[in-house]
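Data block below; observations after.
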Amino acid sequence: FFFGCKNILETMTPLFWAMLICSLQPLLAATGYASCYGNYQNHLGDNNVACGMGNFMTGEDFTYTTAICQTWASTACGSCYQVQCTGGKTANVACTGSTTNVRVIDTLGGACTGTGQNVHVFDLSTVPYSALATEGGNPIGCSGEYYVEYSAVSCTTAGLVTGGLKIGLMQNQADPWCPPFWFSNVGEAGGLWGVEVSPDSGTTWHRYTRNTGNGARWDCTNMGGAGTYLNNPISFRLELCDINQLPNTCAASGVIQTFTNALPSNWCANGASPCTSNSWQLSTNFGSGTSTTSSGTGTTTTSSGTS
């Protein structure tokens, strides 16, 4: 049932208006429990989060972030969730009644095993964790565990993604012959289902493959396009995950955006391996393109340029 609507229906509000109001709220159908990781802001200066968003990605904010259970973690990287406490799992923990939004940047050590509220889904950063519960009537800090309901939400609508898409290279490690790229600050669903890269303004596209260790990193597939990237502007064609199937699976959504000449021809600043470049934030993101056309797999929006 629509979360948070029970009281509306019980006050004898006409059914039409009750259902209209409820339909505007997220459907928090999934359950599990959450623990507290600590302050993920402490990792802005290193590369110790599993999705691969680290010190080489400029301007990150890890305040409202979380780890998610290992089974879903890689493909859920970058996706966003609305979370609400439904009850204390440990003694003396009570819910505040608030909700919070978080973005996935890391993985829990355990798999997504169990059923219902017994699945350890989230390991939240301190700020969102402490907003949802108290312990013994006092602020919970970063202790205990509590049960939650959650659903995938648009990262843009949730306010967790603002401005343009970010594309990064791991500092002092990227080989310009067939470079891996990292993606962050992805709008709308937040998670990427597919990445294609072009070294010739979109004439030729090479499909990339998600790295199994770092879910925000995408690597050359079978060395496709190897040797053609250096000293050329780089374009990207990206497809989002289907938000309705997150976090359990990242399925093709048909929502595709093309970022033409997103990186300049000197993207590898020193022109040799390893590249000394770091990251770029584009002027556009999903939902902010300048023109839209229909393709065989869904809606394609075309953008160009960097900020």
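See the values below:
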quantity: Answer residue from the range 115-134, given it is in contact (Cβ under 8 Å) with a residue 12 or more places away in the chain and open to solvent by 60 Å² or more (accessible area, probe 1.4 Å) and is farthest from residue 73 (Cα to Cα) among those; calculated: 127
quantity: Matching strands (runs of 3 or more DSSP E) fully within the range 213-306 where at least 3 residues are open to solvent by less than 50 Å² (accessible area, probe 1.4 Å), at pLDDT 90 or above and closer than 26 Å to residue 159 by Cβ; calculated: 234-241, 252-263
quantity: Residues of the range 171-212 classified as open to solvent by less than 30 Å² (accessible area, probe 1.4 Å), assigned to a loop (DSSP other than H, G, I, E, B) and either among the aromatic types (Phe, Trp, Tyr) or in contact with a Cys (Cβ under 9 Å, 6 or more places away or on another chain) (or both), total; calculated: 11
quantity: Failed criterion for residue 167 (all others in (1) in contact with a Phe, Trp or Tyr (Cβ under 6 Å, 6 or more places away or on another chain); (2) surrounded by fewer than 17 Cβ atoms within 10 Å (Cβ to Cβ) hold); calculated: (2)
quantity: Index of the failed condition, residue 106 passing every other in (1) touching a helix residue (DSSP H, G or I) at 6+ places or on another chain (Cβ under 8 Å); (2) charged (D, E, K, R); (3) open to solvent by 40 Å² or more (accessible area, probe 1.4 Å); calculated: (3)
quantity: Residues located in the range 206-245, provided they are under 21 Å from residue 280 (Cα atoms), more than 19 Å from the chain's Cα centre (by Cα) and of a type in the set (Ser, Thr, Tyr); calculated: 228, 229, 235
quantity: Pairs where the first residue, in the range 45-58, is open to solvent by less than 10 Å² (accessible area, probe 1.4 Å) and the second is in a loop (DSSP other than H, G, I, E, B) and of a type in the set (Asp, Glu), C-beta under 7 Å, 6+ apart; calculated: 53/60; 54/46
quantity: Positions within the range 135-146 being surrounded by fewer than 20 Cβ atoms within 10 Å (Cβ to Cβ), in contact with a strand residue (DSSP E or B) (Cβ under 8 Å, 6 or more places away or on another chain) and assigned to a strand (DSSP E or B), in sequence order; calculated: 135
quantity: The one condition in (1) under 23 Å from residue 55 (Cβ atoms); (2) within 23 Å of the chain's Cα centre (by Cα) that residue 248 fails to fulfil; calculated: (1)
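The values are calculated or read from the model by the stated rules, or taken from the named source; none is laboratory data. Treat the numbers as computed from the prediction; the structure is a model and nothing was measured. Using ideal geometry, Cβ is built from the backbone for each residue, glycine included, and neighbour counts are taken over all protein chains shown. Heads up: the accessible areas ignore ligands, DNA and RNA and are worked out on the full protein's heavy atoms, side chains in. Shrake-Rupley method; radii C 1.70, N 1.55, O 1.52, S 1.80 Å.
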